[in-house]
Amino acid sequence: MIKYVLKRFKIRDQLSADFLKLLSLAEKTALAFMLIVLVFVFMEKIGLTDVFLVGGVIGGTIGFLTITVKKIYHNEAFSELKIYADIKQDMLRSAILSIDYSEKKDGVHYPKKRIFSIFHYCKSEIITHKAQNGIHIFTGPHNRLLKLSNIILRETPN
């Protein structure tokens, strides 16, 4: 039987491992704020509202920030996956490709599309792989590692 452990790191550990993740949150929030302001300016100009709705802009920004923080620090939290099994390289390569990642360096896999930031890759969106004495250790975003573990467990014989 194959055993695996998936551990989601706490927020302070995520920030200490990848400070750029906090900057990408600020970047996305600023961009969303500007877009929300444009929507409400447009609504005022075409006559849908009598005045510029400041409360709508603030509420929309807070809602966006709440959803984005949950996505970045919970759903796609920096995590560690340990799989106690013998995994073939071909099967591992096809599993990585099936979750839309590609190998740039040996043991380092980048997503085809950036997850957190528009301008740069964050360290915690990259999946790294190390093999030690039959234990495969992966680090990367939680939901992506969960998908990877499900694919590996499905394709690996018991």
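Quick notes on this one:
- Taking amide hydrogens as placed 1.01 Å from N in the peptide plane, the amide H of residue 117 sits under 5 Å from those of 122, each at least 5 positions away in sequence or on another chain.
- Ascending count of other beta-carbon atoms within 10 Å, so fewest first, for 117, 24: 117, 24
- Relative contact order [Cα under 8 Å, 6+ residues apart], region 78-158, whole percent: 40
- Given 82/104; 45/70; 10/88; 3/113, the pairs whose alpha carbons are separated by over 27 Å: 45/70; 10/88; 3/113
- Relative exposure of 51, 57, judged by other C-beta atoms within 10 Å (fewest first): 51, 57
- Each Cα pair under 8 Å and six or more residues apart adds its sequence gap; the mean of these over the residue count of the chain is a relative contact order of 31 percent.
- For residue 53, residues with placed amide H under 5 Å, excluding near neighbours: none
- Each Cα pair under 8 Å and six or more residues apart adds its sequence gap; the mean of these over the residue count of region 12-73 is a relative contact order of 36 percent.
- The helix-only estimate of mean residue ellipticity at 222 nm for the chain, built from DSSP H runs of length n ≥ 4 each weighted as -39500 (n - 2.57), is -15500 deg cm²/dmol after division by the residue total.
- Karplus-derived 3J(HN,Hα), 6.51/-1.76/1.60, for each residue of region 109-117, Hz, glycine and proline x: 10, 9, x, 5, 10, 4, 8, 9, 10
- Once the Cα atoms are used to define both axes, helix 20-45 deviates from the longest principal axis of the chain by about 30 degrees.
- The residues 154, 114, when put in order of fewest to most other Cβ atoms within 10 Å, stand as 154, 114.
- Selection from 124, 134, 102, by position along the positive dipole direction of region 98-158 (Cβ): 124
- Loop trypsin sites (Lys or Arg not before Pro), region 1-105 (other Cβ atoms within 10 Å of the site Cβ: 14 or fewer; DSSP): 10, 88
Read the figures in this text as sums done on the coordinates, not as results from a lab. These figures come from a predicted structure and were not determined experimentally. Backbone-built Cβ (ideal geometry, glycine too); neighbour counts: all protein chains shown.
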